[in-house]
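What follows is a single structure, written as structure tokens, with notes after it.
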Amino acid sequence: MGLLDALTGRHQVKGPAPDRLFAITTAYITLQSEHQIAPAGTAAIVFQALATSEFEATIKDMEEVVRATGGESATQVATQDDSYGYRWMVLRNPAGAPSVEDLAVGINAVSSSIETAGHGERLLCSVFAFVDAQQQPIYFIYNYKRGFWYPFVPAAGDQQRSTERELQLKAQLSGELPMEPELERWFPLWGIPI
Amino acid sequence: MAATSPKRHTAFGRDTGLQARMLLTMFLLVVLYIVLIGALFAVGASGVTILVVALGLLAVQLFTSDKIAMGTMGVKEVSPAEEPELHGIIERLCVQADLPKPRVCVMEHPMPNAFAMGRSQKSATVCATRSILELLSPAELEGVLAHELTHVINRDVMVMTLASFFAMVASLIVQFGFLFGGGFGGGYGRNREAEEAIFVAIAVAAVVYAISFMLLRALSRYREFAADRGSAVLTGRPSALASALLKISGTMERIPGRDLRTVEGMSAFFIVPARAKNSLMNLFADHPPLEQRLAALERLESQLQGTA
């Protein structure tokens with residue numbers, strides 16, 4: 001932000017950073033083969049839904065497109081609003097055919113169409129769900145504003161996270177996934193519906 | 001992959017009028033301050049002494065005011081475990097605004113209000129009173145917190161502190177100028193000349209103080225409009241903030257104005273000023289009247305709905 005912007009209090013919400021979403025489609029192979037962390041077959045994109053008819057129409061079209069393109073893999077789409085007023089569009093692969101590529105393509109289709117409609121700054125993040133050998137959920141969160149990924153591992157108890165596990169994952173995937181370097185931006189997402 | 005197009009069209013238009021008024025106000029302040037500096041140098045040594053003292057005060061203000069305010073106002077930092085919803089809203093807004101997360105505080109106070117402190121984005125603190133957390137719905141609270149975070153993004157504490165620096169110098173001269181008149185006179189012969197110069201400097205300072213006071217208030221009002229606008233752009237929900245302002249102001253008018261002195265100094269960064277609203281003329285108010293803020297938010301909602 002320039003000096004003039006600071007002086008006049010002019011502030012534009014940042015649009016998405018250069019897209020590094022597809023890094024997950026190679027990183028998951030390492031996760032699976034070396035660390036026994038398997039994709040759960042679900043991913044979600046989180047954004048602020050504008051209460052305008054134009055935006056709602058964009059979302060509806062999007063659901064149709066994802067359903068249509070998911071013909072072979074039969075990706076299911078469901079949307080829900082969380083208590084913070086953000087909308088989750090959840091993409092689910094049928095059991096037995098978890099494909100991270102298909103999910104990433106679907107998520108990317110949704111985010112591109114929101115950007116094309118001129119609402120790229122409404123995107124919050126995408127979440128890809130995994131499970132480890134003990135069937136504990138592990139999430140990888142992609143921050144659109146920063147173009148970085150970070151792991152999120154909820155732990156037992158109310159709003160607890162396993163920071164140790166997250167830092168291990170960071171080390172294990174360094175070089176494969178562009179990781180958020182600032183740890184204070186590893187924001188948790190409680191109550192992930194996938 | 002969809003790269004952002006260089007010309008990104010957004011749901012909200014620009015508000016060049018507001019920016020022009022803000023720049024004009026700052027320009028007038030600078031002109032005024034140049035006059036003041038001129039007068040100070042005309043006085044000579046005592047004028048320069050005052051400048052040095054004021055610079056010291058400025059540093060103290062920038063580096064300690066938030067801590068002093070927090071200490072005296074009963075503001076308590078809260079952890080994510082204590083206030084999960086508050087932290088959740090702020091974290092999401094920080095992701096949206098690409099902002100480092102500020103410290104999150106809660107103040108036990110019967111008045112529903114919120115404010116931001118700190119001279120930079122890294123040292124920012126966002127504080128909400130207990131009663132605003134109870135009063136507002138999550139969407140409304142999000143609007144209010146986005147308003148405060150926009151103050152942080154726009155560096156409003158820094159801008160207002162720097163803008164008011166010479167006004168502070170002027171008020172120092174008005175208050176203590178007569179002391180210098182006695183102390184720096186020197187011999188008998190030059191005494192009268194020096195006294196006259198100091199008298200002129202005090203007169204100039206008084207005028208500068210009076211005009212800059214009004215300009216600073218105007219600047220503060222413009223920055224409130226900018227923060228309202230920033231909140232609407234950040235959340236995409238201008239009407240949620242409008243609803244919050246209505247709720248807050250409704251309660252603020254019902255609650256009697258006792259305990260005001262403790263919050264007086266922080267008023268510039270409250271979302272709604274902590275004083276009775278009828279007692280001040282528009283010209284001197286540091287927040288714009290509610291009706292104007294609601295009208296501005298309504299315009300933003302129309303732009304969003306494509307009906308403007």
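Mind checking segment B:15-112 for GluC sites (Glu not before Pro) that DSSP puts in a loop (not H, G, I, E or B) and that have at most 11 other Cβ atoms within 10 Å?
Those satisfying the criteria are B:GLU108.
Among all helices in chain A defined by DSSP H, which have a length of 18 Å or more along the axis from Cα atoms plus a Kyte-Doolittle mean of at least -1.0?
A:53-69, A:100-116
List, in order, the whole-Hz ³J(HN,Hα) value for each residue of segment B:50-67 obtained from phi through the Karplus relation with A = 6.51, B = -1.76, C = 1.60 and θ = phi - 60°; use x for Gly and Pro.
Coupling constants for segment B:50-67: 4, 4, 5, 4, 5, 4, x, 4, 4, 4, 4, 4, 5, 9, 10, 4, 5, 5 Hz.
Report, in deg cm²/dmol and to the nearest 500, the calculated mean residue ellipticity at 222 nm for chain A, where each DSSP H run with n ≥ 4 adds -39500 (n - 2.57) and the sum is divided by the residue count.
Taking each H run of at least 4 residues, the total per residue is -10000 deg cm²/dmol.
If N is the number of residues in segment A:16-177, what value comes out of its Cα radius of gyration divided by 2.2 N^0.38 Å?
For segment A:16-177, the normalised Cα radius of gyration comes out at 1.03.
Here, each number is a calculation from the coordinates, and none is a lab measurement. Note that the coordinates shown come from a computational prediction; the quantities given were computed from them, not determined experimentally. Cβ: placed from backbone, ideal geometry, glycine included. Neighbour counts: every protein chain shown.
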